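Remarks on the structure that follows.
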Amino acid sequence: MIPKESRGYLIVATLSKSFYTGAVECIKSLKDEVPDAQVAFFTHEMYVKDEDRHLFDHLFTPAPVHNRAKLWALPMSPFEYTTYLDADSFVCSDEIEEVWEHLDNAGEDVDVLMSENRPYNAKVVLFQDSHQNNGEARELNHWDQDHVNLALEGKAHIFRWHCGMFTWRKNDRTQKLWKEWLRYYRNHNESTDGSGRRDKSGVDPYPRSLAYWDTFAFWRVLHEQPDLKINIQRMPKDAKYNYVTGYRETELRYGEEYAVFHYTIPPELVHEETYNETSIDPTCGSLELLK
């Protein structure tokens, strides 16, 4: 059994104060259901309210002013066993704690348990690289059976894993995975041409429109580095622990209720409360700037 003192939850809220507000509500809901849950929280010191500090068992500041700061934070988890939750999650039941049992039952050779994407509820799932489509990389439509067939025939790629909730054990393989995830993401979004201008050439031979998604960087690490020998398995009854807005009720097997509801903070609110500095990208921020 995974001991309580060795496990905890990791939550990141950076770039926009709306993420901080959402994260605090997430942590409150977790501690309402599991009062002794340990939380590692990565955020900006300027966002932290004194009345919230008791919620954070481990508070990490400064953090990058970026909407993908979680990629920077993951290898710094203070726990031997960690569950990552997006800031826009709400814990509805103490059954969230079942994830530790699932990881324990999976065996020592399983590194990460993740939930799977539901194609009908995802913005991007299928795509082709330029070698698969006569030199033109493109996104595909999950509702188009011809496009689905391309994936089934091995002529297209598919994003399997949802990166908004997962549980892992800290070891050399997972530590390397997190660092490579960040490296790939930065390569996709910070590549420059000869004049120093960003050109997203680091995405080739894949659709350049995928650069924004951390899911793409995660997929690419797994696709291109099998030598990592990372063992990722599907979380049993995964929708229960990552029930995303738009999911069908039939995703909840055996008539169970969801333990975590994963919603979306309104984009207009994120934009209104985004940290504003002329030196950073207003959409994503900067992984160089720490606050």
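Residues of segment 28-84 that are part of a loop (DSSP other than H, G, I, E, B) and hydrophobic (A, V, I, L, M, F, W, C): 34, 37, 48, 56, 63, 69, 79. Taking segment 162-280 as the region of interest, the helices (runs of 4 or more DSSP H) fully inside it that hold 1 or more residues being at pLDDT below 95 are 172-190, 267-272.
Remark: pairs (first residue in segment 142-166, more than 30 Å from residue 102 (Cα to Cα) and among the polar types (S, T, N, Q); second residue surrounded by 16 or more Cβ atoms within 10 Å (Cβ to Cβ) and at pLDDT 95 or above; Cβ separation under 9 Å; 6+ apart in sequence or on different chains) = 149/156.
Selection over segment 50-69 of residues that are closer than 20 Å to residue 262 by Cα and among the small types (Gly, Ala, Ser) gives a count of 1.
Quick grid of which residues meet (1) farther than 19 Å from residue 218 by Cα; (2) under 18 Å from the mean Cα position of the chain (by Cα); (3) among the charged types (D, E, K, R):
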position: 138; (1), (2), (3): no, no, yes
position: 146; (1), (2), (3): yes, no, yes
position: 159; (1), (2), (3): no, yes, no
position: 168; (1), (2), (3): no, yes, no
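Across segment 97-153, the number of residues qualifying as closer than 30 Å to residue 4 by Cα, in a strand (DSSP E or B) and touching a helix residue (DSSP H, G or I) at 6+ places or on another chain (Cβ under 7 Å) comes to 4. Pick from segment 259-286 the residues that are of a type in the set (Gly, Ala, Ser) and farther than 27 Å from residue 91 by Cβ: which of them is nearest to the chain's Cα centre (by Cα)? So the residue we want is 286.
Do the conditions hold for residue 272, that is, is it over 23 Å from residue 83 (Cα atoms), among the acidic types (Asp, Glu) and surrounded by 12 or more Cβ atoms within 10 Å (Cβ to Cβ)?
When the stated conditions are applied, residue 272 does not pass them.
Pairs meeting the criteria (first residue in segment 66-79 and among the basic types (Lys, Arg), second residue part of a helix (DSSP H, G or I), beta carbons under 9 Å, at least 6 apart or on different chains) are 68/182; 68/185; 68/189; 68/214; 68/217; 70/214.
Is there a residue in segment 70-93 that is hydrophobic (A, V, I, L, M, F, W, C), over 23 Å from residue 263 (Cβ atoms), buried (at least 18 other Cβ atoms within 10 Å of the Cβ) and in contact with a strand residue (DSSP E or B) (Cβ under 9 Å, 6 or more places away or on another chain)?
Within segment 70-93 (the criterion being hydrophobic (A, V, I, L, M, F, W, C), over 23 Å from residue 263 (Cβ atoms), buried (at least 18 other Cβ atoms within 10 Å of the Cβ) and in contact with a strand residue (DSSP E or B) (Cβ under 9 Å, 6 or more places away or on another chain)), the answer is yes, since at least one residue qualifies.
As a summary of the residue check, residue 47 satisfies the conditions (1) among the hydroxyl-bearing types (Ser, Thr, Tyr); (2) touching a residue at least 40 places away in the same chain (Cβ under 8 Å); (3) touching a helix residue (DSSP H, G or I) at 6+ places or on another chain (Cβ under 8 Å) except for the one numbered (2).
The values are calculated or read from the model by the stated rules, or taken from the named source; none is laboratory data. Fair warning: this is a prediction, and the values are worked out from it, not measured in the lab. Note that we place each Cβ from the backbone using ideal geometry, even for glycine, and neighbour counts take in every protein chain shown.
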